[in-house]
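Only one structure is covered here, and it is reproduced in the block below.
What follows draws every value from the coordinates through simple rules; no lab data is involved. Given the structure is predicted, the values throughout are model-derived calculations rather than measurements. Positions of Cβ are backbone-derived with ideal geometry, glycine not excepted, and every protein chain shown enters the neighbour counts.
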Amino acid sequence: MSDKPSIHERLVSAFATRALSLEVGPGARCLDADHVMALGMAAHWLPPAAGETIRLQASSTQVGYRTTRNATRRLAWRLAKMRGWTLSARNVERAADLALAHYMFPSCPECSGRGFEVLDGAPVLSGRACRACHGSGKRPVQARWHDEIVAVIAELETMTERTERVVRRLLR
Ligand SMILES: [Zn+2]
């Protein structure tokens, strides 16, 4: 793992910035404005569903949680239709909301993603695998609607990867 921020981290911070200057000429660095513009351009080259992921990327600072939630619900609706889920309308939305929470906060809340039990809140790991996540460090997906939630999370991750690939290409 490198310390360099990922395209995703760079995009999120670019949307929070007030420093929207550009550098031109040889040796110019990619600044916040470059990332924002690249994301705007990427939207034209991605399928319509990816536009929702793009909104999702920016939402923590710009558009707000509600927009993101609604985009994720629409995505879940498409999946439900395509794959013939038997969930009620309301439960498709609930599964979508849970998937979004998981996507935004993927670390296991018990061990903060470390994968080991923490001894009495001390910053010492016990060496025993965390019981909540079985050592994976990932937030466990609840049993109810498990497969549907996992499917929505996978869709969010796939779209994020596609968006990152296009933005990275534009910034080269
Ligand atoms: Zn854990």
Open item on the list: Can you work out the Karplus-derived ³J(HN,Hα) for every residue in region 158-165? Use 6.51 cos²θ - 1.76 cosθ + 1.60 with θ = phi - 60°, whole Hz, and x for glycine or proline.
Closed with: 4, 5, 5, 4, 4, 4, 4, 4
Task: Spin-label zone in region 64-82 - amide nitrogen under 13 Å from a point set 7 Å from the Cα of residue 97 along the C-beta vector - done: 66, 69-70, 73
Open item on the list: Multiplying the sequence separation of residue 132 and residue 144 by 0.36 nm and subtracting their Cα-Cα distance, what value in nm do you get?
Closed with: 2.7 nm
TODO: Run the quick spin-label model on residue 74 and residue 87: label points 7 Å from Cα toward the beta carbon, then report their separation in nm to one decimal.
DONE: 1.8
Task: Cut-off under 5 Å, modelled amide H: who pairs with residue 116 long-range - done: 130
